[in-house]
Amino acid sequence: MVTRTVEALVLSHSGGTREPRDVLAEAASRGATTIAVTDVPASPLAAHADLVLATRVRATGLRSEAVLARHAQMAVLDVLYVAVAQRTYDSTTVTMAATQEAVRPYRGDGGGN
């Protein structure tokens with residue numbers, strides 16, 4: 001029998017949107033380790049998370065809160081990616097090389113010609 005670790009990571013700026021909350025709740029009910037990335041650590045989404053990664057953004061005169069929220073959430077995802085890649089370096093480099101080879105024919109920069 002193969003044992004797998006199942007995780008679920010859900011992003012929601014407000015943490016109040018029903019769909020992300022329901023997805024995380026379902027994952028939790030199936031025994032997944034759950035992670036919420038949200039601007040509201042006390043949100044309904046966060047209530048279903050084993051780990052809450054909080055972002056903090058506020059609208060400015062030049063950018064809306066929604067745009068800033070996406071930037072903050074992408075920064076969190078980038079940090080998580082690097083942390084996992086560092087801990088699994090050998091398998092990550094093999095996987096990245098396979099991914100690059102698989103998409104080579106579809107690249108728009110002549111990589112497939």
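The values are calculated or read from the model by the stated rules, or taken from the named source; none is laboratory data. Fair warning: this is a prediction, and the values are worked out from it, not measured in the lab. Neighbour counts are summed over all protein chains in view; Cβ atoms, including those assigned to glycine, are modelled from backbone coordinates with ideal geometry. To get the accessible areas, we keep the full protein, side chains included, count just its heavy atoms, and leave off ligands, DNA and RNA. Shrake-Rupley method; radii C 1.70, N 1.55, O 1.52, S 1.80 Å.
Computed quantities for the displayed model
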read-out: In the stretch 95-106, the residues that are within 22 Å of the chain's Cα centre (by Cα) and either open to solvent by 100 Å² or more (accessible area, probe 1.4 Å) or not β-branched (Val, Ile, Thr) (or both); value: 96, 97, 98, 100
read-out: Residue within the stretch 66-77 that is touching a strand residue (DSSP E or B) at 6+ places or on another chain (Cβ under 6 Å) and either at pLDDT 90 or above or outside any strand (DSSP E or B) (or both) present; value: yes
read-out: Any pair with Cβ under 8 angstrom, 6 or more apart, that starts in the stretch 81-97 at a residue that is assigned to a helix (DSSP H, G or I) and ends at one that is open to solvent by 70 Å² or more (accessible area, probe 1.4 Å); value: 92/84
read-out: Residue 60 being in a loop (DSSP other than H, G, I, E, B), more than 19 Å from residue 8 (Cα to Cα) and among the hydroxyl-bearing types (Ser, Thr, Tyr); value: yes
read-out: Qualifying position, being modelled with pLDDT of 90 or more and either farther than 21 Å from residue 9 by Cβ or outside any loop (DSSP other than H, G, I, E, B) (or both), among 105, 41; value: 105
read-out: Number of positions in the stretch 44-58 that are open to solvent by 60 Å² or more (accessible area, probe 1.4 Å) and either charged (D, E, K, R) or touching a helix residue (DSSP H, G or I) at 6+ places or on another chain (Cβ under 6 Å) (or both); value: 5
read-out: Some residue of the stretch 69-91 being at positive phi and either open to solvent by less than 70 Å² (accessible area, probe 1.4 Å) or not aromatic (Phe, Trp, Tyr) (or both); value: no
read-out: Residues satisfying the stated conditions in the stretch 12-43, i.e. buried (at least 20 other Cβ atoms within 10 Å of the Cβ) and more than 16 Å from the chain's Cα centre (by Cα); value: 43
read-out: Selection within the stretch 7-41 - free of Cβ contacts under 8 Å to residues at least 12 places away in the same chain and among the charged types (D, E, K, R); value: 18, 19, 22, 26
read-out: Residue within the stretch 20-28 that is of a type in the set (D, E, K, R) and touching a helix residue (DSSP H, G or I) at 6+ places or on another chain (Cβ under 6 Å) present; value: yes
read-out: Count of the stretch 25-38 residues which are within 16 Å of residue 15 (Cα to Cα) and part of a strand (DSSP E or B); value: 5
